[in-house]
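> A single structure is presented below for examination.
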Amino acid sequence: MSASAIAVVDTNVLVSGFPSSPGPPGRIVEWLRTGVVQAGLDDRILAEYGDVLHRPELALPAREVDVVLDAIVGHACWARVLPEHALRGGLPDPDDAPFVECALALGCTLVTGNVRHYPAAAVKEIVVLTPRAFVEGLGT
């Protein structure tokens, strides 16, 4: 598979797939790490990734988290979120807005383990997929 897919990946997918766990989230983390899939990012999403993955209660090895995040950033596609991409409500958790806004700015898929957090009325034309549906959609 070549590096052609871009996706905004919700933090819950990284938590579920780290480090190299079996199943679709683990495959997605590996694809992001190696650049097979480019993460759609902005500074807000990257800050959340770092904050959440370094939480003591997750007990993830800090050095490995940093290595994976550096690799993801090295392959990332950075979103330029413009005012027309800004959400003005409609999400159960307003902290999820950066993920939708980046996906809108990049015109790409949003991958999440919590599809219900992204109701169709709020996400406009963005395709929201579970990790399993995303992996299956890439045909692997």
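> Considering only the range 118-135, how many residues are outside any loop (DSSP other than H, G, I, E, B) and at pLDDT below 95?
Residues meeting the conditions: 4.
> So, one more: For the range 83-94, which positions are surrounded by 12 or more Cβ atoms within 10 Å (Cβ to Cβ) and not in a loop (DSSP other than H, G, I, E, B)?
85
> Could you please find all residues in the range 96-112 being free of Cβ contacts under 8 Å to residues at least 12 places away in the same chain and in a helix (DSSP H, G or I)? Before the answer, list the steps.
Let us first name the residues in the range 96-112 that are free of Cβ contacts under 8 Å to residues at least 12 places away in the same chain, namely 97, 107.
The answer is 97, and nothing else.
> While we're here: Would you check which residues across the range 19-35 are closer than 18 Å to residue 66 by Cβ and either surrounded by fewer than 21 Cβ atoms within 10 Å (Cβ to Cβ) or free of Cβ contacts under 8 Å to residues at least 12 places away in the same chain (or both) and list them?
19, 20, 30, 34, 35, listed by residue number.
> Also, quick follow-up: Buried (at least 20 other Cβ atoms within 10 Å of the Cβ) and either over 13 Å from residue 11 (Cα atoms) or β-branched (Val, Ile, Thr) (or both): does that describe residue 118?
Criteria met by residue 118.
> OK, next. Can you name every residue in the range 65-87 that is over 17 Å from residue 31 (Cβ atoms), out of contact with any His (no Cβ under 9 Å at 6 or more places or on another chain) and not small (Gly, Ala, Ser)?
Selection gives 78, 80, 81, 82, 83, 84, 85, 87.
> Name, by its number, the condition in (1) free of Cβ contacts under 8 Å to residues at least 24 places away in the same chain; (2) under 16 Å from residue 42 (Cβ atoms) that does not hold for residue 67.
(2)
> Mind telling me which of the residues 9, 65 ends up being closer than 19 Å to residue 93 by Cβ and in contact with a Leu (Cβ under 7 Å, 6 or more places away or on another chain)?
Step by step, each of 9, 65 is checked, and only 9 is closer than 19 Å to residue 93 by Cβ and in contact with a Leu (Cβ under 7 Å, 6 or more places away or on another chain).
> Among (1) surrounded by fewer than 16 Cβ atoms within 10 Å (Cβ to Cβ); (2) assigned to a loop (DSSP other than H, G, I, E, B); (3) not charged (D, E, K, R), which single condition is residue 60 missing?
Every condition holds for residue 60 apart from (1).
> Using beta carbons and a limit of 7 Å, which pairs, at least six apart or on different chains, have the first residue in the range 113-140 and closer than 13 Å to residue 99 by Cβ and the second one hydroxyl-bearing (Ser, Thr, Tyr) and in a helix (DSSP H, G or I)?
Sorted first by the residue in the range 113-140, then by its partner, the pairs are 113/16.
The values are calculated or read from the model by the stated rules, or taken from the named source; none is laboratory data. This is a predicted model, so every value here is computed, not measured. When we count neighbours, we look across all protein chains shown, and the Cβ atoms used for this are built from the backbone with ideal geometry, even at glycine.
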